[in-house]
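J.: Sharing a structure, written as structure tokens. Questions coming.
The values are calculated or read from the model by the stated rules, or taken from the named source; none is laboratory data. Just so we're clear, the structure is a prediction, and the values are computed from it rather than from any experiment. Here Cβ is always computed from backbone atoms with ideal geometry, including for glycine, and neighbour counts include all displayed protein chains.
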Amino acid sequence: MTMSNTVIREAGIVAVCACLQYGCNDIGSGFVHIQDTGVASGWTVLSAGTANLNAVSGVSDSAVWMVGDRGTILKWNGVTLVAEVSGTSQNLRGVCALDPVVAFAVGDGGLILQRSASGWQPVARGVTRQVLTGVWADAQRVVAVGSSGTVVFGTGGSYAAIPSGYAENLLSVSGTAGGNMAIVGALGLVLAFDGANFSRMVTLPSAKLLAGVAADDQGVYMVGQEGIFYSWDGTNLGTVSGCPLAPLRAVATSGASVWAVGWDGTVCVSSGATVTSYPYSDARWFNGVYAATPASLWVVGASGTVLHGFPLLPDGGGLGEP
């Protein structure tokens, strides 16, 4: 099996074709709003075709990007879901929104796309051919990670591959503006990256695959196989218990809430000492989560799944007002 196929298997992605055109609205594109009346009350379900969606990022409820297989890029502009031209048929696996206009997306074959007011354009051509699975950016830096320990670092419009010193597949990266970045991957690898040097941030008690990471001013949060959910405050490693044991694929923070999503319809949140699980009404595979506010979530997954809102428990209960 090639390394590319290994990453695809680890990320749990099933290739499905989709053809989307820039500027289509939710009627013309076949995107429909559905109010879920089943167990997962509280969600608005946006049906976005059939292409698997692999990641989501935003800066507000008026600027949210989703990326997926076959070059799929969607944007929620606060009113409707529209498709944007990516210029590629490569699978896109990671996205990071920097502001209401600028965003970055990464995918197969070392592809890095940057969005501006004129649309999406490739950058960092020829820097790597490895599969890129995660991307994070602030106003000065862009970091993409991928298979075989690949790290691509960009600043001032210039990109270079930075040897990480590790051969494990890297799946996700996050950071804080001007601060160090956290990178996670296979075999429980957690790296700190300052733009030039790598170090082991923390050694986890489990060597299982880590698929998602989110960093904020309070710490770093990591999720992965068999419901693994860790927090790291720079000194202490915490284990978040109470989420289902299904594979967790992505994590996002908003205020004191830390949300994790994964396979089998898994949606759970850690808020202080409380962990609450909001199982979805069917066994959908969720691959990405963005928390615009503590009460406004975006979740994407297999077969074009897009959820927006705030989930309620089967009895109608929830966390209450944020």
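J.: For segment 19-33, does any single residue satisfy the condition of being at pLDDT below 50 and of a type in the set (Val, Ile, Thr)? Steps first, please.
T.: Let us first name the residues in segment 19-33 that are at pLDDT below 50, namely 19-33.
Of the ones still in play, those that are also of a type in the set (Val, Ile, Thr) are 27, 32.
Yes, that holds for at least one residue.
J.: Limited to segment 119-145, what total is found for residues that are assigned to a strand (DSSP E or B) and on the phi < 0 side of the Ramachandran plot? Lay out the reasoning, then the answer.
T.: Step one: list which residues in segment 119-145 are assigned to a strand (DSSP E or B), which gives 119-123, 132-137, 142-145.
In the following step, the residues that additionally are on the phi < 0 side of the Ramachandran plot were identified as 120-123, 132-137, 142-145.
Residues meeting the conditions: 14.
J.: Give the number of residues within segment 258-304 that are within 18 Å of Asp61 (Cα to Cα), surrounded by fewer than 21 Cβ atoms within 10 Å (Cβ to Cβ) and either at pLDDT below 95 or β-branched (Val, Ile, Thr) (or both).
T.: Of all residues in segment 258-304, those within 18 Å of Asp61 (Cα to Cα) come to 258-259, 288-300.
Restricting the remaining residues to those that are surrounded by fewer than 21 Cβ atoms within 10 Å (Cβ to Cβ) gives 292-296.
Then drop every residue that is not either at pLDDT below 95 or β-branched (Val, Ile, Thr) (or both), which leaves 293-296.
Of the residues in that region, 4 qualify.
J.: Take the residues in segment 305-322 that are of a type in the set (A, V, I, L, M) and in a loop (DSSP other than H, G, I, E, B); name whichever of them is modelled with the highest pLDDT. Steps first, please.
T.: In the first step, residues of segment 305-322 are kept if they are of a type in the set (A, V, I, L, M); the result is 306-307, 312-313, 319.
Among the residues that remain, those that are also in a loop (DSSP other than H, G, I, E, B) are: 312-313, 319.
Details: Leu312: 77, Leu313: 70, Leu319: 47.
Ranking the qualifying residues of segment 305-322, first place goes to Leu312.
J.: Out of (1) free of Cβ contacts under 8 Å to residues at least 40 places away in the same chain; (2) more than 21 Å from Leu189 (Cβ to Cβ); (3) of a type in the set (Gly, Ala, Ser); (4) in contact with a strand residue (DSSP E or B) (Cβ under 7 Å, 6 or more places away or on another chain), what's the single condition that is false for Gly272?
T.: Condition not satisfied by Gly272: (4).
J.: Testing Thr128 on (1) of a type in the set (Ser, Thr, Tyr); (2) in contact with a strand residue (DSSP E or B) (Cβ under 6 Å, 6 or more places away or on another chain); (3) within 18 Å of Val213 (Cβ to Cβ), one condition comes back false. Which one is that?
T.: (3)
J.: Out of curiosity, is Ser62 at pLDDT 95 or above, of a type in the set (Ser, Thr, Tyr), closer than 21 Å to Ser296 by Cβ and out of contact with any strand residue (DSSP E or B) (no Cβ under 6 Å at 6 or more places or on another chain)? Working first, answer last.
T.: Values: at pLDDT 95 or above: yes; of a type in the set (Ser, Thr, Tyr): yes; closer than 21 Å to Ser296 by Cβ: yes; out of contact with any strand residue (DSSP E or B) (no Cβ under 6 Å at 6 or more places or on another chain): yes.
When the stated conditions are applied, Ser62 passes them.
J.: Those residues that are modelled with pLDDT under 95, under 24 Å from Ala302 (Cβ atoms) and out of contact with any Ser or Thr (no Cβ under 8 Å at 6 or more places or on another chain), I need them from segment 77-114; list them, please.
T.: The one that is modelled with pLDDT under 95, under 24 Å from Ala302 (Cβ atoms) and out of contact with any Ser or Thr (no Cβ under 8 Å at 6 or more places or on another chain): Thr80.
J.: Let me ask something else. Confirm whether Ser241 is closer than 22 Å to Asp264 by Cβ, polar (S, T, N, Q) and in contact with a helix residue (DSSP H, G or I) (Cβ under 8 Å, 6 or more places away or on another chain). Spell out the reasoning first.
T.: Details: closer than 22 Å to Asp264 by Cβ: yes; polar (S, T, N, Q): yes; in contact with a helix residue (DSSP H, G or I) (Cβ under 8 Å, 6 or more places away or on another chain): no.
Criteria not met by Ser241.
J.: Next question. If you scan segment 211-270, which residues turn out to be among the small types (Gly, Ala, Ser), on the phi > 0 side of the Ramachandran plot and outside any strand (DSSP E or B)?
T.: Gly227, Gly234, Gly242, Gly255, Gly265
J.: Which one is surrounded by the most Cβ atoms within 10 Å (Cβ to Cβ), of the residues in segment 172-201 that are of a type in the set (Gly, Ala, Ser) and under 16 Å from the mean Cα position of the chain (by Cα)?
T.: Going through the qualifying residues, I end up with Gly185.
J.: Please verify whether segment 161-170 includes one or more residues that are surrounded by 24 or more Cβ atoms within 10 Å (Cβ to Cβ), closer than 29 Å to Gly109 by Cβ and within 21 Å of the chain's Cα centre (by Cα). Don't jump to the end; show me each part of the working.
T.: Within segment 161-170, the first condition is being surrounded by 24 or more Cβ atoms within 10 Å (Cβ to Cβ), and the residues that meet it are 169-170.
Pick out the ones that are also closer than 29 Å to Gly109 by Cβ and you get 169-170.
Right, trim to within 21 Å of the chain's Cα centre (by Cα) and you get 169-170.
Checked against the condition, which is being surrounded by 24 or more Cβ atoms within 10 Å (Cβ to Cβ), closer than 29 Å to Gly109 by Cβ and within 21 Å of the chain's Cα centre (by Cα), segment 161-170 yields at least one hit.
J.: For Phe104, all conditions in the list (1) touching a Gly at 6+ places or on another chain (Cβ under 7 Å); (2) surrounded by 24 or more Cβ atoms within 10 Å (Cβ to Cβ); (3) among the aromatic types (Phe, Trp, Tyr) hold save one; what is the number of the exception?
T.: Going through (1) touching a Gly at 6+ places or on another chain (Cβ under 7 Å); (2) surrounded by 24 or more Cβ atoms within 10 Å (Cβ to Cβ); (3) among the aromatic types (Phe, Trp, Tyr) one by one, Phe104 breaks only (1).
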